[in-house]
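Participant: One structure, pasted below without further comment.
The values are calculated or read from the model by the stated rules, or taken from the named source; none is laboratory data. Given the structure is predicted, the values throughout are model-derived calculations rather than measurements. All Cβ positions, even for glycine, are placed from backbone atoms using ideal geometry, and neighbour counts span all protein chains on display. All accessible areas refer to the heavy atoms of the entire protein, side chains included, with ligands and DNA or RNA removed. Shrake-Rupley method; radii C 1.70, N 1.55, O 1.52, S 1.80 Å.
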Amino acid sequence: MPTPRTQLMEIPAALVPHIPLPRLELLSDARTRGAKCVWGGERLTGETAIDLGVQVTEGGFRWFPRACRRCTRDAVRAARDIHPDRCTECEGPTALCETRRALHDLLMELRR
Ligand SMILES: [Zn+2]
Ligand SMILES: [Zn+2]
């Protein structure tokens with residue numbers, strides 16, 4: 001049986017660690033379960049939610065953040081802009097690393 005195609009955005013798993021999430025201890029239960037947007041607290045549906053994958057704390061607690069498109073876009077933009085300052089692979093604005101480029105592509109996709 002063919003998998004149904006959806007319009008849902010997926011954040012590549014390799015990029016999620018580069019997108020800073022809110023601190024877990026500050027979040028309501030609904031936000032750690034993915035029922036509400038992890039950033040803004042908007043209620044999410046299966047059609048609108050962007051999955052940020054399973055997160056595991058150092059203590060082994062698993063949580064499942066999801067987010068609305070608008071907040072994800074803001075977070076990805078922030079992650080993209082701050083990235084080169086923290087990255088040892090980026091060598092200035094003309095020599096950006098793969099991760100920086102992937103963050104930028106993701107942001108373009110979220111803008112559509
Ligand atoms: Zn949101
Ligand atoms: Zn970089």
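Participant: For region 94-107, enumerate the residues that are of a type in the set (A, V, I, L, M, F, W, C) and either modelled with pLDDT of 95 or more or surrounded by 13 or more Cβ atoms within 10 Å (Cβ to Cβ) (or both).
Facilitator: Selection gives L96, C97, A102, L103, L106, L107.
Participant: Ok, one more. Please find, within region 46-93, the residue that is modelled with the highest pLDDT out of those that are open to solvent by 20 Å² or more (accessible area, probe 1.4 Å) and hydroxyl-bearing (S, T, Y).
Facilitator: Within region 46-93, the match that is modelled with the highest pLDDT is T88.
Participant: Can I ask one more? So which pairs qualify, if the first residue must be in region 34-46 and away from ligand 2 (no atom under 16 Å from the Cβ), the second must be of a type in the set (D, E) and assigned to a loop (DSSP other than H, G, I, E, B), the Cβ gap must be under 9 Å, and the two must be at least 6 apart or on different chains?
Facilitator: Between residues of region 34-46 that are away from ligand 2 (no atom under 16 Å from the Cβ) and residues that are of a type in the set (D, E) and assigned to a loop (DSSP other than H, G, I, E, B), the close pairs are K36/E42.
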